[in-house]
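S.K.: This structure is in structure tokens; I'll ask about it shortly.
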Amino acid sequence: MYAAAYRFEKYGITIDDFIEMLVAQEGKCDICSVTLQISKGCGATAHIDHNHVTGDVRGLLCMLCNQGLGLFRDNPELLINAAAYLDDKGHYG
């Protein structure tokens, strides 16, 4: 199953909470919609996304989206600026 039980405890959720989120999200990353895997080492492993200030769980993300939010310091303004930059300078998406 997903990583280790301590992760659930760390974020204050149960395995049932995790499964409920996964089902509600139809097994997909809440940002990019890639199909999430629940076993370590199998592609887009489900990551528990959370607010780093409050600790509140926001949803499940793939590793890339989870890391992306962290690299932008969970700052919506930076993400908007990054999207505008790509729109202006070009992107491959």
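The values are calculated or read from the model by the stated rules, or taken from the named source; none is laboratory data. Quick caveat, the model's predicted, so the values are computed rather than measured. Every residue, glycine as well, gets a Cβ built from its backbone with ideal geometry; the counts of neighbours run over all protein chains shown.
Residues are listed down the side, and each one gets a yes or a no for (1) among the aliphatic types (A, V, I, L, M); (2) not in a strand (DSSP E or B):
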position: 32; (1), (2): no, yes
position: 48; (1), (2): yes, no
position: 53; (1), (2): yes, yes
position: 70; (1), (2): no, yes
position: 82; (1), (2): yes, yes
position: 85; (1), (2): no, yes
position: 91; (1), (2): no, yes
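S.K.: Does residue 13 satisfy being part of a loop (DSSP other than H, G, I, E, B), surrounded by 12 or more Cβ atoms within 10 Å (Cβ to Cβ) and modelled with pLDDT of 95 or more? Even if it seems obvious, please write down each step before you answer.
M.R.: Details: part of a loop (DSSP other than H, G, I, E, B): yes; surrounded by 12 or more Cβ atoms within 10 Å (Cβ to Cβ): yes; modelled with pLDDT of 95 or more: no.
No.
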